[in-house]
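Just below is one structure, and these are the notes that go with it.
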Amino acid sequence: MINLILFGPPGSGKGTQSELLAKKYGLVHLSTGDVLRREIENKSKIGKQVKDYLKNGHLVPDDLVLEVLNNEIHNNGKAKGIIFDGFPRTVHQAEKLRGILEHENVSVSAFIALEADDEELLNRLLLRGIRENRIDDTASTIKNRIEVYKEKTLPLKEFYKDRLKYTSIDGMQSIEEVFDDISEILNILVSDERLAEI
Ligand code: AMP
């Protein structure tokens, strides 16, 4: 099973790339942000609990996100692989993910970090705010999300660097160029999987 973590600040292209990759390689795209937004739209119990966190650009508490994640992994039990988009976002979440995957006798196959500078991120997110009307793509919330990313989420790079899973990709390139760079890594993972099956 291929478990790919697509990592990067808000606006770095994780969602766009995950969708393209999921289609090309037949993997499940698991975006915790998308699942949380769906819960909010459905006005579910969990949706009501998380709404203010998303609106203000704060991280949803780990126990709630982990509940959502466990459900999604459980519902996709037969998946050939999962692209994690927006999860993990804290070292604690990364440790929990390791435990969940170990339980299934699998592990994180690769951690790919998309890099882009703050000005580009801000511009992309403001544009998306106009296009998609997302509650958290407003100027003040965007700045907060980038700060939260730097403080709480960036330390994850060291976590995965220590475990030799880490690759960095220039997220300022075109969508096609980023896709080609990630595909190179996924092609290797896919052929390793095939070899393991022989
Ligand atoms: P995203 O769509 O990944 O940018 O996520 C949108 C918002 O959902 C974030 O700003 C957080 O409020 C919440 N969220 C998504 N994933 C997580 C996570 N792994 N941990 C905590 N909060 C999350």
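The values are calculated or read from the model by the stated rules, or taken from the named source; none is laboratory data. Since we're looking at a predicted model, the values are computed, not measured. Ideal geometry is used to build each Cβ from the backbone, glycine not excepted, and the neighbour counts take in all protein chains shown.
Numerical summary
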{"read-out": "So S168, is it part of a strand (DSSP E or B), more than 15 Å from the ligand (Cβ to nearest atom) and either within 18 Å of I2 (Cβ to Cβ) or among the polar types (S, T, N, Q) (or both)", "value": "yes"}
{"read-out": "Any hit, the range 177-188, residues being among the hydrophobic types (A, V, I, L, M, F, W, C) and within 14 Å of the ligand (Cβ to nearest atom)", "value": "no"}
{"read-out": "Any chance V68 is within 15 Å of the chain's Cα centre (by Cα) and either more than 18 Å from R38 (Cβ to Cβ) or more than 15 Å from the ligand (Cβ to nearest atom) (or both)", "value": "no"}
{"read-out": "Residue in the range 38-57 that is nearest to I82 (Cα to Cα), counting only those that are touching a residue at least 12 places away in the same chain (Cβ under 8 Å) and within 6 Å of the ligand (Cβ to nearest atom)", "value": "L54"}
{"read-out": "Of residues in the range 1-47 being over 13 Å from the mean Cα position of the chain (by Cα) and of a type in the set (D, E), the one surrounded by the most Cβ atoms within 10 Å (Cβ to Cβ)", "value": "E39"}
{"read-out": "Per-region count, the range 147-184, residues among the polar types (S, T, N, Q) and over 15 Å from the mean Cα position of the chain (by Cα)", "value": "3"}
{"read-out": "The range 176-198 residues that are of a type outside the set (A, V, I, L, M), paired with ones that are in a helix (DSSP H, G or I) and modelled with pLDDT of 85 or more (beta carbon under 8 Å, 6 or more apart)", "value": "F179/Q17; F179/L20; F179/L21; S183/L21; S183/K24"}
{"read-out": "Selection status of E95, acidic (D, E) and more than 16 Å from the chain's Cα centre (by Cα)", "value": "no"}
{"read-out": "Inter-residue pairs, beta-carbon under 6 Å, first in contact (Cβ under 8 Å) with a residue 60 or more places away in the chain and in the range 64-90, second of a type in the set (K, R) and near the ligand (Cβ under 9 Å from one of its atoms), 6+ apart", "value": "D85/K14; T90/K152"}
{"read-out": "Filter pass, S12 being assigned to a helix (DSSP H, G or I), polar (S, T, N, Q) and touching a Leu at 6+ places or on another chain (Cβ under 9 Å)", "value": "no"}
{"read-out": "Residues of the range 71-101 that turn out to be in a helix (DSSP H, G or I) and more than 8 Å from the ligand (Cβ to nearest atom), as a count", "value": "15"}
{"read-out": "For V35: the one exception among (1) within 10 Å of the ligand (Cβ to nearest atom); (2) closer than 23 Å to R163 by Cα", "value": "(2)"}
{"read-out": "Per-region count, the range 134-175, residues in contact (Cβ under 8 Å) with a residue 40 or more places away in the chain and acidic (D, E)", "value": "2"}
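To keep it simple, each residue is scored yes or no on (1) at pLDDT below 95; (2) within 22 Å of G171 (Cβ to Cβ); (3) exposed (fewer than 15 other Cβ atoms within 10 Å of the Cβ).
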site	(1), (2), (3)
D85	no, yes, no
R89	no, yes, no
H92	no, no, yes
E95	no, no, yes
H103	yes, no, yes
S107	yes, no, yes
A113	no, yes, no
I130	yes, yes, yes
N133	yes, no, yes
